Amino acid sequence: MKKPDAKVEMLEHSAAKVELYGKYLALYLNILSRVPSVKRIFIFDLFCGEGVYQNSLKGSPLIALDVIKNHYFANRRMCPDITIWFNDNGQSQIENGVFKIDRVKRFAKQIFTPSNVNIEYSKDDYYKIFPSALNAMKNVR
């Protein structure tokens with residue numbers, strides 16, 4: 001029996017982690033959306049992976065977008081201002097010649113996103129993108 005490849009298939013432990021992330025984000029989004037002093041919510045997924053794996057399981061970026069969509073429709077079509085930033089500089093292990101971030105972007109476009117949710121995509125090294133992420137948060141008033 002061939003051992004599953006975690007680079008192309010979401011394994012059970014990773015699926016549990018992504019499910020927990022989705023539940024946590026849904027709860028936290030509900031809390032933050034009710035705090036008047038919160039002007040914008042930032043979500044950074046700087047190692048976002050493939051988006052969808054060969055076994056059809058969604059990765060963290062698509063789970064986050066599903067949570068935001070569900071929050072919007074569950075709250076009378078309202079959602080706080082959100083910037084969500086997906087980054088991965090790796091080549092896909094599933095599709096030859098395609099960057100992981102391009103797969104994420106393609107799948108993300110199929111998920112409804114409220115107009116006040118800004119999605120950023122990049123394929124930079126973590127050490128380069130981290131200061132930019134910090135600056136984005138500092139510039140919110």
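The values are calculated or read from the model by the stated rules, or taken from the named source; none is laboratory data. Keep in mind the model is a prediction, meaning the values are calculated, not measured. Note that each Cβ is placed from the backbone with ideal geometry, even for glycine, and that neighbours are counted across all protein chains shown. For accessibility, only protein heavy atoms count, side chains too; no ligands or nucleic acids. Shrake-Rupley method; radii C 1.70, N 1.55, O 1.52, S 1.80 Å.
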(message) List the lysines whose Cα sits under 28 Å from the Cα of Lys2, skipping any in the same chain fewer than 8 residues away.
(response) Lys17, Lys58, Lys100
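On average, how much accessible surface per residue is there in the chain, in Å², for a 1.4 Å probe, leaving out ligands, DNA and RNA? Walk me through the numbers before you get to the answer.
On the way: 8840 Å² over 141 residues.
Accessible surface, normalised per residue, equals 63 Å².
Based on the Cβ-Cβ distance of Lys7 and Glu120, what FRET efficiency does E = 1/(1 + (r/R0)^6) give at R0 = 25 Å, to the nearest 0.05? Write down the numbers at each step before the final one.
Details: r = 25 Å, r/R0 = 0.98.
The value I calculate is 0.55.
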(message) Can you find, among Ser60, Gln110, Tyr121, the residue sitting farthest towards the positive end of the charge dipole of the stretch 60-122, where Lys and Arg contribute +1 and Asp and Glu -1 at Cβ?
(response) Gln110
(request) Please give every one of the aspartates and glutamates within straight-line cross-link reach of Lys109, meaning a C-alpha to C-alpha distance under 20 Å, and leave out same-chain neighbours fewer than 8 residues apart. (result) Asp45, Glu50, Asp66, Asp81, Asp88, Glu95, Glu120
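Using 0.36 nm per residue, how much length does the chain from Ile111 to Val98 gain when fully extended, once their Cα-Cα distance is taken away? Working shown, then result.
Working: separation 13, 0.36 × 13 = 4.68 nm, distance 2.04 nm.
My answer for the length gained is 2.6 nm.
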(message) Just to confirm my numbers, what's the Cα centroid distance between the stretch 1-31 and the stretch 72-141 in Å?
(response) 18 Å
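Using R₀ = 41 Å, calculate the FRET efficiency as 1/(1 + (r/R₀)^6) where r is the Cβ-Cβ separation of Lys138 and Lys69; round to 0.05.
On the way: r = 28 Å, r/R0 = 0.68.
For Lys138 and Lys69, the calculated efficiency is 0.90.
Suppose every K and R has +1 on its Cβ and every D and E has -1 on its Cβ; what is the size of the dipole of the chain about the Cα centre, in Debye to the nearest 20?
The dipole of the chain has a size of about 480 debye.
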(request) Pull up all non-local amide H partners of Phe44: gap of 5 or more, or a different chain, and H-to-H distance under 5 Å with H placed in the peptide plane. (result) Trp85
(message) Given the DSSP H assignment, sum -39500 (n - 2.57) over each helix run of at least 4 residues in the chain and divide by its residue total; what's the result at 222 nm in deg cm²/dmol, nearest 500?
(response) -13500 deg cm²/dmol
(message) Test of understanding: what is the full-extension gain from Arg76 to Ser37, defined as 0.36 nm times their sequence separation minus their Cα-Cα distance?
(response) 12.0 nm
